[in-house]
Each structure stands twice: as structure tokens, then as C-alpha cells.
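Colleague: One structure, as C-alpha cells, below. Some questions next.
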Amino acid sequence: KAGVTQTPRYLIKTRGQQVTLSCSPISGHRSVSWYQQTPGQGLQFLFEYFSETQRNKGNFPGRFSGRQFSNSRSEMNVSTLELGDSALYLCASSLRIQSPLHFGNGTRLTVT
Amino acid sequence: QQQVKQSPQSLIVQKGGISIINCAYENTAFDYFPWYQQFPGKGPALLIAIRPDVSEKKEGRFTISFNKSAKQFSLHIMDSQPGDSATYFCAARTSNAGGTSYGKLTFGQGTILTVHP
């Protein structure tokens with residue numbers, strides 16, 4: 001069974017731009033979560049989607065948004081990028097909201 | 001109250017030794033405690049998880065010990081191997097749909113484990 005697939009693996013953007021990251025969950029998984037990983041703040045929850053609806057949201061500004069499609073694939077968008085948005089963005093999928101989370105290898109975003 | 005505190009930040013163990021990583025939490029609504037292993041360039045991989053109705057869970061060389069009254073849990077890696085060298089994260093989550101932690105994992109800060117051959 002294929003794991004969680006995130007694209008692209010690496011991104012370099014300029015401050016002020018926007019970016020869209022993509023995530024394909026494990027087949028059959030209906031819940032998708034997004035986490036930001038930085039050396040200083042560690043792993044922090046961004047949001048979770050189930051059946052195309054956002055079920056929970058972390059403490060991030062409104063510049064961070066996401067969505068889930070009917071095939072459970074998910075995208076997250078960051079607008080007006082700031083230098084502090086440089087991080088590894090991890091997508092995780094699970095069968096349901098309370099099921100074990102399985103992470104992808106992430107998208108490394110660098111904002112210059 | 002949402003924090004999970006993990007220690008030590010780094011740990012060096014000789015091959016064959018026991019690695020012990022500890023975590024403490026405050027939120028009594030947490031009722032699911034997984035451990036993740038992360039190698040450089042990879043995402044975290046689920047190692048083992050426990051719920052508070054048991055005090056210990058063992059899977060191969062990996063054991064979680066859970067102390068509900070102390071609000072602490074720990075990961076023990078027996079017979080540590082160089083291939084175990086990675087960053088380990090503890091985490092916690094609540095199944096209470098009304099809780100703010102519902103559906104999301106709160107992670108500890110991570111422990112960098114180095115196993116010397």
C-alpha cells in the first residue's frame with residue numbers, strides 16, 4: 001500500500017508570494033491533517049479535514065488555509081509568505097479522525 | 001495545559017544498551033499517547049502507542065510505560081542498535097470531541113538518540 005505522498009518535496013519562494021502544497025493520503029484514509037515542523041517550535045498542528053470539512057484548526061494566522069477534495073486528497077495554501085514560514089510541512093492521513101496518524105515525508109518550504 | 005514536555009533533548013547510548021525517553025503532560029483529557037520515530041529527510045513514523053487503561057505496552061524491543069497518576073509516560077528501547085539513531089517524539093491526543101485537542105496530536109520537543117556501535 002502506498003504511503004502518504006506530498007508534492008513538491010522542496011520549494012523556494014520569495015517573501016510576499018503564496019504557495020500551495022499537495023497531499024495524497026493512504027488509499028482508504030478519509031482524514032488528512034497538516035503539521036508544521038521547525039527547529040524552534042517543533043511539530044505544530046495546522047488543521048484537520050474529514051469528508052471535505054475542516055474539523056479542527058491550530059493557532060496559525062488566517063494566511064494558512066487548506067481544503068480537502070472528494071477523493072480525500074488535500075491541499076494547503078499559505079498566502080503572503082513570511083520568512084518565518086520556512087519549515088517542513090507534513091501531511092498525515094488516518095482512517096478516521098481518531099485513528100493513528102501516518103505521515104508523509106513532507107514539503108520543505110524555504111522563504112527568502 | 002496543552003503542552004507535552006519531553007526529556008532528554010539528546011541521548012547517547014552504546015550498542016546493546018537501553019534508551020529511555022520520558023514525557024510528561026498536564027491535560028487530563030489526553031487519552032492516546034503515541035511515539036514517533038523520525039529519520040533525517042523523512043516524516044515521523046508511528047512506532048507504538050498506548051491508552052491510559054494499561055500501564056505498559058511492548059512491541060519487539062520497544063516498550064511504553066504509562067503512569068496515569070503522575071501524568072507521565074516513557075519509551076524504552078531495549079538492546080539499542082545504531083539503526084535506532086533517530087529523533088523520537090512523544091505525543092498526546094484526546095478523544096473528547098468537545099476538547100480543543102480533539103483530532104490533533106500535541107507533540108513533545110523531540111529527543112535525538114545516537115547509538116554508538
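Colleague: Could you tell me whether region A:32-39 includes any residue that is over 28 Å from residue B:3 (Cβ atoms) and free of Cβ contacts under 8 Å to residues at least 12 places away in the same chain?
Modeller: No, region A:32-39 has no match at all.
Colleague: Which ones in region B:1-29 are within 14 Å of the chain's Cα centre (by Cα), hydrophobic (A, V, I, L, M, F, W, C) and more than 16 Å from residue B:109 (Cβ to Cβ)?
Modeller: Across region B:1-29, the qualifying residue is only B:20.
Colleague: Residues that are touching a strand residue (DSSP E or B) at 6+ places or on another chain (Cβ under 8 Å) and farther than 24 Å from residue B:110 by Cα: which strands (runs of 3 or more DSSP E) entirely in region A:1-101 hold 1 or more of them?
Modeller: Of the strands (runs of 3 or more DSSP E) lying wholly inside region A:1-101, those with at least 1 residues that are touching a strand residue (DSSP E or B) at 6+ places or on another chain (Cβ under 8 Å) and farther than 24 Å from residue B:110 by Cα span A:5-7, A:10-13, A:19-24, A:31-38, A:42-50, A:53-57, A:64-68, A:74-78.
Colleague: Taking region A:75-112 as the search range and keeping residues that are under 20 Å from residue B:93 (Cβ atoms) and surrounded by fewer than 19 Cβ atoms within 10 Å (Cβ to Cβ), which one is farthest from the other protein chains (Cβ to nearest Cβ)?
Modeller: Result: A:95.
Colleague: A further question follows. Sort out which residues of region A:32-55 are of a type outside the set (A, V, I, L, M, F, W, C), open to solvent by less than 20 Å² (accessible area, probe 1.4 Å) and under 18 Å from residue B:91 (Cα atoms), and write them in order of number.
Modeller: A:33, A:35, A:36, A:42, A:48
Colleague: Given (1) open to solvent by less than 10 Å² (accessible area, probe 1.4 Å); (2) modelled with pLDDT under 95; (3) more than 14 Å from chain B (Cβ to nearest Cβ), identify the lone condition not met by residue A:1.
Modeller: Of everything listed in (1) open to solvent by less than 10 Å² (accessible area, probe 1.4 Å); (2) modelled with pLDDT under 95; (3) more than 14 Å from chain B (Cβ to nearest Cβ), residue A:1 misses just condition (1).
Colleague: With the requirement that a residue be out of contact with any Asp or Glu (no Cβ under 9 Å at 6 or more places or on another chain) and part of a loop (DSSP other than H, G, I, E, B), what does region B:32-52 give you?
Modeller: The answer is B:39, B:40, B:41, B:42, B:43, B:44.
Colleague: Ok, one more. Kindly establish whether residue B:63 is within 16 Å of the chain's Cα centre (by Cα), among the hydroxyl-bearing types (Ser, Thr, Tyr), part of a strand (DSSP E or B) and within 13 Å of another protein chain (Cβ to nearest Cβ).
Modeller: Judged against the criteria, residue B:63 is not a match.
Colleague: Just a yes or no: is a residue in region A:7-26 out of contact with any Gly (no Cβ under 8 Å at 6 or more places or on another chain), modelled with pLDDT under 95 and of a type outside the set (Phe, Trp, Tyr)?
Modeller: no
Residue by residue, here is whether (1) open to solvent by 80 Å² or more (accessible area, probe 1.4 Å); (2) touching a residue at least 12 places away in the same chain (Cβ under 8 Å); (3) more than 30 Å from residue A:5 (Cβ to Cβ) holds:
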residue: B:6; (1), (2), (3): no, yes, no
residue: B:18; (1), (2), (3): yes, yes, yes
residue: B:25; (1), (2), (3): no, yes, yes
residue: B:28; (1), (2), (3): yes, yes, yes
residue: B:31; (1), (2), (3): no, yes, yes
residue: B:49; (1), (2), (3): no, yes, no
residue: B:62; (1), (2), (3): no, yes, no
residue: B:69; (1), (2), (3): yes, no, yes
residue: B:72; (1), (2), (3): yes, yes, yes
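The values are calculated or read from the model by the stated rules, or taken from the named source; none is laboratory data. Just so it is clear, the structure is predicted and the values come from calculations on it, not from any experiment. Cβ sites come from the backbone with ideal geometry, for glycine too, and all protein chains shown count toward neighbours. Surface areas here come from the heavy atoms of the whole protein model, side chains and all, with no ligands, DNA or RNA. Shrake-Rupley method; radii C 1.70, N 1.55, O 1.52, S 1.80 Å.
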